[in-house]
2 protein chains.
Amino acid sequence: MAVYTEVSLEDLESFLLQYDIGRALSYKGIAEGVENSNYLLQTDHGRFILTLYEKRVEAHDLPFFLNLMDHLAEKGLACPVPVHARDGKALKRLCGRPAAIISFLEGMCINRPTEKQCGQVGVTVARLHLAGLDYTGTRANALGLPHWRPLFDQCAAHADAVAPGLNHLIADELDFLESHWPPELAQGVIHADLFPDNVFFIDNVCSGIIDFYFACNDALAYDLAICINAWCFERGGEFNTTKARSLCRGYLSENPLPHADIEALPILCRGAALRFLLTRLYDWLNRIEGALVKPKDPTHYLERLRFHQKANSAASYGLT
Amino acid sequence: MAVYTEVSLEDLESFLLQYDIGRALSYKGIAEGVENSNYLLQTDHGRFILTLYEKRVEAHDLPFFLNLMDHLAEKGLACPVPVHARDGKALKRLCGRPAAIISFLEGMCINRPTEKQCGQVGVTVARLHLAGLDYTGTRANALGLPHWRPLFDQCAAHADAVAPGLNHLIADELDFLESHWPPELAQGVIHADLFPDNVFFIDNVCSGIIDFYFACNDALAYDLAICINAWCFERGGEFNTTKARSLCRGYLSENPLPHADIEALPILCRGAALRFLLTRLYDWLNRIEGALVKPKDPTHYLERLRFHQKANSAASYGLT
């Protein structure tokens, strides 16, 4: 939610000389994403997003993300695409940082998705997965199962200060997930962070998805499990089965996953809840007092994890 | 440089029902100004800035600012104008805060103004002053001379920790300014914060000015003194007489101030430097460690103050 690197007009104008997108008419730092600096740039050719990648993004991962956007857009998925400079390259440097210009995607995030919108999200995720099947880039999930224990080790000592008994609960959950994680799920490129702030709508119709900077190769059904966590709990913490059914049916109507993958949803949802519980817990414990970027309360994901622990089968998510 | 209040799509859409500016296609929180929350809003009618006024702005001052923009734009000055809702009102409420939709002004700030651009700024300030002469709204300068001592009283105890001898220097300067401030300067509506980030250029031509939230009634030549402080010092701290001459001549070509006002420039420049030294000192001493909004180093204005203390006459600013 911030601009970390200030780009002067002089810097911008010389940067734009490398591109064929006209001259700048305005640019505004926008409060989007916590990881990078983003500018909404207007030129006489149109609107663009200028992104400077800050230290939390690994520079060697950037070609994977940018090429993925190109690939998905070519397959017809509504997502931003990198603008290639005159030399053909999408990845450049600006103000000492890796930087790219990305096309502007119209649309707005919604706060309180309806059942119908959840269905559209399911359809969109499935189309993303199908479009990614022949993408040749690879990137391991840097926040997947093998990374949860090291992350927990950094938080364990202070976990109980956030919620009594949290240390024990996470330790037990990690033991369970490590020994029960399903080994043979259908794999592919997943978005891995498809929260409502990364999905755009216009007039209640999904107009596209953004922010591919967590995308990686992992189980497709795990991405669906992330979406269930992100879209199907109400503000008070209650699980909305109707929304989950709509989301999953939307997904399966486009990409009918193997039966075993569907039945793995309860454990995958537990994993997804633990992943966000752990990263939020880490950010919470390492927060800076008074900083403008407020870390999100990790305990919301504790509640979600507890819900999934009680789920017996895909039926718990409205599937029969 | 932040968005303090998050506006949901649902909030925005019901807010827009009060206006005739079409339906929202996108809106992005922008990192502009440290006082308010600003969104760049695109509708099918065009681009707008949606501003939510946060606590540092006095709500009872807002009609003065909004009506002033209307008045100045009507007189032909290039500045944003408030969009009036169907009921004729420009000031509304959104998310519990006073809010307004303002027209979008194209253009970009410059970091290193040229002599020619300083001249354009001078012309623009003069036109602003002339356009404001028949504005009927009034607002005292909340950061004018009578407010500097109370501000200093809140900083005095810790001033020397910022720069050795600062406490004494400010105390002496306050004594001097209070006893020598010229009593009969030409008055009018001044911008009072015309720094480079509030002046837009397109292709090196001044395309307009923004951010009227410090505007008030005060001495016109004091506004020029603020501009000299804001535009005519180089990054290394050196005063650029050529730029000052260009700025002042640009101003005087449009609005020939009385001789006494011009000769008062040294003391007015000292006052302007002290005003920014004091507010920056206050923000510096009251900063929050780790906060994203970094307070500006007050000592830059200490150097500027020292320069003005040595100025004997308007000739020090390139005027003859």
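Would you say B:A142 is away from chain A (no Cβ under 14 Å) and under 16 Å from the mean Cα position of the chain (by Cα)?
On the way: away from chain A (no Cβ under 14 Å): yes; under 16 Å from the mean Cα position of the chain (by Cα): yes.
Considered against the rule, which asks whether it is away from chain A (no Cβ under 14 Å) and under 16 Å from the mean Cα position of the chain (by Cα), B:A142 comes out as yes.
State which residue is surrounded by the fewest Cβ atoms within 10 Å (Cβ to Cβ) when the search covers only the range A:106-137 and only residues that are of a type in the set (A, V, I, L, M) and away from chain B (no Cβ under 14 Å).
Ranking the candidates gives A:L133 first.
Would you tally the residues in the range A:158-177 being without any contact (Cβ under 8 Å) to a residue 40 or more places away in the chain and under 23 Å from the mean Cα position of the chain (by Cα)?
0
Pick from A:G250, A:G237, A:G271: which is modelled with pLDDT under 95 and out of contact with any strand residue (DSSP E or B) (no Cβ under 6 Å at 6 or more places or on another chain)? Steps first, please.
On the way: A:G250 fails: modelled with pLDDT under 95; A:G271 fails: modelled with pLDDT under 95.
Sole residue among the options that is modelled with pLDDT under 95 and out of contact with any strand residue (DSSP E or B) (no Cβ under 6 Å at 6 or more places or on another chain): A:G237.
Taking the stated definitions as given, is A:I102 within 14 Å of another protein chain (Cβ to nearest Cβ) and either touching a helix residue (DSSP H, G or I) at 6+ places or on another chain (Cβ under 6 Å) or free of Cβ contacts under 8 Å to residues at least 24 places away in the same chain (or both)?
Spelling it out, it is not the case that A:I102 is within 14 Å of another protein chain (Cβ to nearest Cβ) and either touching a helix residue (DSSP H, G or I) at 6+ places or on another chain (Cβ under 6 Å) or free of Cβ contacts under 8 Å to residues at least 24 places away in the same chain (or both).
Within the range A:3-32, track down each residue that is touching a residue at least 60 places away in the same chain (Cβ under 8 Å), buried (at least 19 other Cβ atoms within 10 Å of the Cβ) and among the aliphatic types (A, V, I, L, M).
Of everything in the range A:3-32, just one residue is touching a residue at least 60 places away in the same chain (Cβ under 8 Å), buried (at least 19 other Cβ atoms within 10 Å of the Cβ) and among the aliphatic types (A, V, I, L, M), namely A:V7.
Condition test on B:F276, is it aromatic (F, W, Y), within 22 Å of B:E115 (Cβ to Cβ) and modelled with pLDDT of 95 or more?
Working: aromatic (F, W, Y): yes; within 22 Å of B:E115 (Cβ to Cβ): no; modelled with pLDDT of 95 or more: yes.
Taking the combined requirement at face value, the residue does not satisfy it.
Residues that are under 22 Å from A:T124 (Cα atoms), over 18 Å from the mean Cα position of the chain (by Cα) and not in a helix (DSSP H, G or I): does the range A:303-311 have at least one?
No, the range A:303-311 contains no residue that is under 22 Å from A:T124 (Cα atoms), over 18 Å from the mean Cα position of the chain (by Cα) and not in a helix (DSSP H, G or I).
Here's a check for you: in the range A:172-208, which residue that is among the small types (G, A, S) and surrounded by 14 or more Cβ atoms within 10 Å (Cβ to Cβ) is nearest to the other protein chains (Cβ to nearest Cβ)? It would help to see each step written out before you state the result.
Residues of the range A:172-208 that are among the small types (G, A, S), as a first pass: A:179, A:186, A:188, A:192, A:207-208.
Narrowing the set further to residues that are surrounded by 14 or more Cβ atoms within 10 Å (Cβ to Cβ) leaves A:186, A:188, A:192, A:207-208.
Values: A:A186: 34, A:G188: 30, A:A192: 23, A:S207: 9, A:G208: 11 Å.
That would be A:S207.
Just give me the residues in the range B:198-240 being among the β-branched types (V, I, T) and either in contact with a helix residue (DSSP H, G or I) (Cβ under 9 Å, 6 or more places away or on another chain) or assigned to a helix (DSSP H, G or I) (or both), in sequence order.
Hits for the range B:198-240 are B:V199, B:V205, B:I209, B:I210, B:I226, B:I228.
Here are some conditions: (1) outside any strand (DSSP E or B); (2) surrounded by fewer than 21 Cβ atoms within 10 Å (Cβ to Cβ). B:R93 meets all but one. Which one does it not meet?
Exception for B:R93: condition (1).
Among the residues of the range B:256-269, are any in contact with a Lys or Arg (Cβ under 8 Å, 6 or more places away or on another chain) and touching a residue at least 60 places away in the same chain (Cβ under 8 Å)?
Checking the range B:256-269: not a single residue is in contact with a Lys or Arg (Cβ under 8 Å, 6 or more places away or on another chain) and touching a residue at least 60 places away in the same chain (Cβ under 8 Å).
Being more than 28 Å from B:D160 (Cα to Cα), more than 14 Å from every other protein chain (Cβ to nearest Cβ) and surrounded by 20 or more Cβ atoms within 10 Å (Cβ to Cβ) narrows it down to one of B:A315, B:A273, B:A264, so name that one.
Selected residue: B:A264, the only one of B:A315, B:A273, B:A264 that is more than 28 Å from B:D160 (Cα to Cα), more than 14 Å from every other protein chain (Cβ to nearest Cβ) and surrounded by 20 or more Cβ atoms within 10 Å (Cβ to Cβ).
Would you tally the residues in the range A:3-58 being more than 8 Å from chain B (Cβ to nearest Cβ) and of a type in the set (G, A, S)?
Selection size over the range A:3-58: 5.
For the range B:149-191, which residues satisfy the criterion of being of a type in the set (G, A, S) and part of a helix (DSSP H, G or I)?
B:A156, B:A157, B:A159, B:A161, B:A171, B:S179 - these are the residues of the range B:149-191 that are of a type in the set (G, A, S) and part of a helix (DSSP H, G or I).
The values are calculated or read from the model by the stated rules, or taken from the named source; none is laboratory data. Keep in mind it's a predicted model, so treat the numbers as computed, not measured. So basically every Cβ, Gly included, is an ideal-geometry build from the backbone, and we count neighbours across all protein chains shown.
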